[in-house]
Amino acid sequence: MTRITAVIPAYNEAARIAGTLIKARPYVDEIIVVDDASTDDTADIAKRSGATVLSQEINKGYIDAIKTGFREASGDIVLTLDADGEFSADDIPSLVQPIIDGDAEMVQGHRDTIPRPSERFLTWISQKKGDVGDSGTGLRAIQTALAKQLEIKGICICGVLSLEVISKGGRITEVPITLQKVDKPRKIAWFHLGQFLLLLPWLFRKY
C-alpha cells in the first residue's frame, strides 16, 4: 500500500493551521509541519492537532522548510500543502494517483489563476527550457525518493523546482485545482527579481 506524507511549511498560521490539518488528515498517512520560527502558537496548535512538528530556530523561508520536510518524510509519496488553507485537501487523491499509477514522478496542482504577474513571467521563462506547467504552485506531489535528491536552489520554487525534476529524468503532469479564498494579504513579490537571475542559468544548462 502506498504511504503518503504531507509536508506543510508554516509561518504564523495559528489562525488557520488546525483547519488545514483536519482537512488533510483523511488523505495522508503522515503530516509533517515545518514551523519556520513562528512568533505565534502555530507549532503548539499543530502538535495538538496530531502533526509531527519540526521547528526552525530562525526563519529560513519556504524552500528550506519543504526540504526539511522532505528529508524526514517516511511515505512513498510526499506532497506539499500550504498551511493557510488556500489549497483544498480534497484535491490530494487526484494529485497522487498519477504517481501511484506509474505515469509521473511529480504531479502539480494547476491553478485556474496564477495571481502574481511576476510569477506568470517566471513560469513563461521556464517554459523555454522545459514543460514546467504551473511551476510556482504550492500544491504538488513527488516520489519521495526523488524529492530527497532535490537541491532546489532559488529564492522561491518558481521554475527551478520543476526544471530540476526534469533534469533528473522526472516526468511531470498536472491536475486542475481551484484556489480557495483566504483572508490574508498578498504582498508584492519583489524577491521574484532575484529569482529571475537564479533561473537564467537553467536556460543554458544541458541535460
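The values are calculated or read from the model by the stated rules, or taken from the named source; none is laboratory data. All values derive from a computational prediction rather than experimental measurement. The protein model used for the area step is the full one, side chains on, heavy atoms only, and it has no ligands, DNA or RNA in it. Shrake-Rupley method; radii C 1.70, N 1.55, O 1.52, S 1.80 Å.
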Given a 1.4 angstrom probe, I'd like the percentage of the accessible area of segment 1-77 that is carbon and sulfur, rounded to a whole number.
47 percent
Residue of Leu139, Leu197, Leu95 that the Gaussian network model of the chain assigns the largest fluctuation, springs spanning Cα pairs under 10 Å:
Leu197
Only helices at least 15 Å long along their own axis, judged from Cα atoms, and with Kyte-Doolittle mean hydropathy of 0.0 or greater: name those in the chain from DSSP H.
191-204
Which value, in Å² and to the nearest 10, is the accessible area of Lys168 when all protein chains are kept and the probe is 1.4 Å?
90 Å²
Close Lys-Lys pairs in the chain, where close means Cα under 16 Å and separation is 8 or more or interchain:
11
What accessible area per residue comes out for the chain, rounded to a whole number of Å², with a 1.4 Å probe?
48 Å²
Residue separation between Gln149 and Ala15 times 0.36 nm, minus their alpha-carbon distance, gives in nm 44.9 nm
